[in-house]
1. Shape verdict for the range 228-384, please, from the Cα gyration tensor: rounded (a/c under 1.5), prolate (a/b greater than b/c) or oblate.
2. What aspartates and glutamates could a cross-link reach from LYS262, if we take a straight Cα to Cα line under 17 Å and drop same-chain neighbours fewer than 8 places away?
3. Obtain the radius of gyration and the Kirkwood radius of the range 158-298 from its C-alpha atoms and give Rg over Rh.
4. At a 1.4 Å probe, what is the % contribution of carbon and sulfur to the accessible area of the chain?
5. Provide the convex hull volume over Cα atoms per residue for the range 80-165, in Å³.
6. On alpha-carbon atoms, Rg over Rh for the range 189-246 using Kirkwood Rh?
7. Place a +1 charge on the Cβ of each Lys and Arg in the range 192-336 and a -1 charge on the Cβ of each Asp and Glu, then give the dipole magnitude about the Cα centre in debye, rounded to the nearest 20.
8. In the structure shown, do any of LYS115/LYS195; LYS82/LYS196; LYS176/LYS196 have a Cα-Cα gap over 30 Å, and if so which?
Amino acid sequence: MIKQFFKLGTVGWMIAISALLFFVCSSTRHILFQSGALDLGIYDQVVYLISQGKPHISSFLGFHHLGNHAAWAVYPLALLYKIYPSAYWLLAVQAISLALGALPTYYLALQAGLKESQAIAMAGVYLLYPLVFNVNLFEFHPEVMAVPVFLGVVLAARQNQATLFCLGIIFILGCKAVLSLTVAAMGLWLLVFEKKRFYGIFAIIAGISWFLIASQVIIPFFSNNEAAAVARYSYLGDSVLEIAINLVIKPELILGRVFSLKTLEYLALLVTPLIWGLTPQHLTPLVGAMPALVLNILSDKPEQRDLIHQYSLPILPFLIIAVIASLANDKAWLRTRRAILLWALVGFIVLAKYGYFWSRYLRSVDNWQATRQAIAQVQSSGAVLTTHSIAPHLSHRQTIHFVDDISGLPEDINQYDYILLNVRHPDGTRNPAFAANFVNQLQNNQLFQLRYQRDQVYLFIKNPSLN
């Protein structure tokens, strides 16, 4: 496998350089305290606890990890934490996973009959698609690991590699429960349009079965509640099954959202970087993208309709496959490597969020050093209360929470051994007065003593004389 990778030449270098660039960018963001408890802190804490053989309970969420999307695919990542526990492992896995999507893209292009130059161009199109770069910057999400596998299982199906296909499907299902709907839809496409009977039926059965098991058994059992995303569709019902039923029997509830300017804007964002290669005759692969597309359009959460967050990732593989099909049948508007890559580069320049590095990511740099010094003085695995952006730097412990002015202060602050606040940049609270008042309360609380103070960064520790 390694020898084959190095034989790839241009594509191999593209993947390696992209993975390195992605990792440097996401790591820089983390170093600048622009990552957060949601979601890097969640997964860093859980993977750390798994590696230590401790209960797999996220203190940020308040329940067992399997209640969070039934994402069992993160469990093997604990092996990396056995070497050395660090959130940078997650960022590296994310960077490599996203970059690796170019590999099956390249092989799918060759399999479809494209020239070598066109196949290389398609690998570049994938890597330059703005969502890939932007999602890499946005925390960590296990579904990034599914992106290259989606492309890989389509390639496996076309090459009649049943074992690889089945293993890939199983892994995808473990990345996030909702991906089971995409798997089932992909199976329908494989069955009806690709004429891959076994592969289509297997994906349909596996997708539907896992969706029911995860949403009706695993998630409620481990979280003691419905899947968290249900709240985004409250106008359709209070449970997964009720929402599914209302989608069928009450279509009037969704028509206004489907036919709206916001939906049109979202679709434009998705297709503009690839519009040159999307033709009506070759859109059948988008059957696989429909569940994610519908969920994003119907959601109350606007973050599901942009190219910044992870929600559109399951759509990308099928867009790429559709473009390859158009290009293979000489239907694409652009056909030369230079023209294709130029369009992709322009799309990246316009829609990728690299500009954040000299704008929003530098907002808290004025007391960055003070924050680093305060973190260094948290020298035990005791319970921590801090801000959203500091939390993923201290998440290797069983109890850590972040404070914000929406949820208010915890009922019992006596449970914490450390309280670390950045009053100048309170991030999640967006309310410096709230943070400042909390600091004043702590200064008058005999249970805590001020250990560190600089540039409006405060570290309080539980008074050892009162323990």
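1. oblate
2. Of all the aspartates and glutamates, those that pass the test against LYS262 - Cα under 17 Å, at least 8 places apart if same chain - are ASP300, GLU303, ASP306.
3. Details: Rg = 16.6 Å, Rh = 16.7 Å.
Dividing the radius of gyration by the Kirkwood radius yields 0.99.
4. Details: 12820 of 20560 Å².
Of all accessible area on the chain, carbon and sulfur atoms account for 62 percent.
5. Once divided by residue count, the hull of the range 80-165 is 101 Å³.
6. With Rg and the Kirkwood Rh in hand, the quotient comes to 1.13.
7. Details: 11 positive and 10 negative charges, 93 e Å.
About 440 debye.
8. Numbers: LYS115/LYS195 25 Å; LYS82/LYS196 41 Å; LYS176/LYS196 25 Å.
Result: LYS82/LYS196 exceed 30 Å.
The values are calculated or read from the model by the stated rules, or taken from the named source; none is laboratory data. These figures come from a predicted structure and were not determined experimentally. Note that each Cβ is placed from the backbone with ideal geometry, even for glycine, and that neighbours are counted across all protein chains shown. Each accessible area value is taken on the protein alone, full model and side chains, heavy atoms only, with ligands, DNA and RNA left out. Shrake-Rupley method; radii C 1.70, N 1.55, O 1.52, S 1.80 Å.
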